[in-house]
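Values quoted throughout were computed directly from the atomic coordinates according to the rules given, and no laboratory measurement underlies them. These numbers were taken from a predicted model, which means no experiment stands behind them.
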Amino acid sequence: MNLWERDIFPRHDELDQLTAPTRLRIAVEAIDWTLRTSTTPIRYQAAADWIEEVMTEARAAVAEQAGHVDLSEDLAEQFDEVDEDADETGVSQLLMGVANVYEFDSFTSKALEGTLFACYVFSQQREVPEPETIEEEEAVARCREVIAHQQRLIETAAGW
């Protein structure tokens, strides 16, 4: 068990109560925040470019209050090639989280959990590649920041 599984995953029922457009908005905000505040930018340019292209489409879907992202087939097909060459720490995890935003006809709570988890693991792996305990993760400011930000996103969406 890691810090995310302890602090965010138990909120599954709250995520399930949200609408698909709200869940998609949370996912897009989480990815954008994760990238914007990352202590180390992604150096693998093909991944950074692909993520930005997908996120442009995802932001447009959020602006339209859609519950899913209609991604071009060409862009979706690029995922495998980009992911195959993603050997930079944490990047493959983040790519999976980004792919979640377009893989579902309606953005489910399970899809949101996958995206939030991917954002956490991306950040955690870049700071503490192989933590052995939750305490090691808790000792890292970045891990705590990601958890706190995701909690705020969920609480704001739930109207707390």
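Within the stretch 91-160, the ratio Rg/Rh, alpha carbon atoms throughout and Rh by Kirkwood, equals 1.01.
Candidates (i) 0.95; (ii) 1.05; (iii) 0.99; which is the computed Rg/Rh (Cα atoms, Kirkwood Rh)? Matching the structure shown: (i).
Taking each DSSP H run with n ≥ 4 as -39500 (n - 2.57) and averaging over every residue of the chain yields -22000 deg cm²/dmol at 222 nm. Comparing mean-square fluctuations of Arg142, Arg59, Arg11 from a GNM of the chain with C-alpha springs under 10 Å, the top value falls on Arg11.
Cα centroids of the stretch 127-160 and the stretch 20-47: 15 Å apart.
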